[in-house]
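These notes are about the structure you will find just below.
The values are calculated or read from the model by the stated rules, or taken from the named source; none is laboratory data. Here the structure is a predicted model, which is why all the values come from computation and not from measurement. Counting neighbours? That spans all protein chains shown, and the Cβs are built from the backbone with ideal geometry, glycine included.
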Amino acid sequence: MNMVVRRARSEDIPGVVVLERGVEEAPHWAEAEYAAMVGDAMPGVRRLLMVAERGKGASVELVGFAVGKIIGPTGNGLGELESVAVVASARRSGVGGALCEAVIDWCDEQEIEAVELEVRSKSEGAIALYRRLGFVAVGSRKGYYRDPADDAVLMSRVYSPPPKK
């Protein structure tokens, strides 16, 4: 698949919202929340919206997005992989992994202490992906999700600085 993962721009927001509304498990945030992610950062909080596209020229389509957040200063903050959504036709093709890696790379560049996430307990494919990316289960939240109802598995990936030369 000819895929590009990049930072979202303001013109991507309507497509992100349409994609998100079509993915049952997505968080369903307001369009203004996505727009704020490509705008000015809030003090102490940095957010990143990444999008994945496939195709060429006039036939480029948005196939996924991921949201990352860092709270705290560079070198001392905590990262979160807040959301990953991929259209059904592009699942299990590397889109979700590429989006997650882009958010993790952004967090690693900020030298944060750890990246955390919550995932539906019934999302076995997502949990397997997160494990491959270095996340480990650290807890759970009973009844955390609605529509459909599910528990949350809390996962964390500790930042590993490069070895000193």
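Just give me the residues in the stretch 62-108 being of a type in the set (D, E, K, R) and either touching a strand residue (DSSP E or B) at 6+ places or on another chain (Cβ under 6 Å) or in a helix (DSSP H, G or I) (or both), in sequence order.
69, 80, 82, 101, 105, 108
Which of the following residues is under 25 Å from residue 150 (Cβ atoms), within 12 Å of the chain's Cα centre (by Cα) and hydrophobic (A, V, I, L, M, F, W, C): 17, 84, 23?
After ruling out the rest, the residue left standing is 84.
So the check is Cβ under 8 Å with 6+ separation or different chains; which pairs have a first residue in the stretch 7-30 that's more than 14 Å from residue 87 (Cβ to Cβ) and aliphatic (A, V, I, L, M) and a second one that's part of a helix (DSSP H, G or I) and modelled with pLDDT of 90 or more?
Filtered contacts from the stretch 7-30: 8/16.
Only one of 120, 91 is in contact (Cβ under 8 Å) with a residue 60 or more places away in the chain and of a type outside the set (A, V, I, L, M); which?
120
Go over the candidates 158, 153 one by one and state the one that is more than 19 Å from residue 5 (Cβ to Cβ), at pLDDT 95 or above and within 17 Å of the chain's Cα centre (by Cα).
None of the others qualify; the one that does is 153.
Determine which member of the set 98, 85 is within 24 Å of residue 33 (Cα to Cα), aliphatic (A, V, I, L, M) and surrounded by fewer than 19 Cβ atoms within 10 Å (Cβ to Cβ).
98
Please find, within the stretch 133-157, the residue that is farthest from residue 114 (Cα to Cα) out of those that are without any contact (Cβ under 8 Å) to a residue 24 or more places away in the chain, assigned to a strand (DSSP E or B) and of a type in the set (Gly, Ala, Ser).
It comes out as 143.
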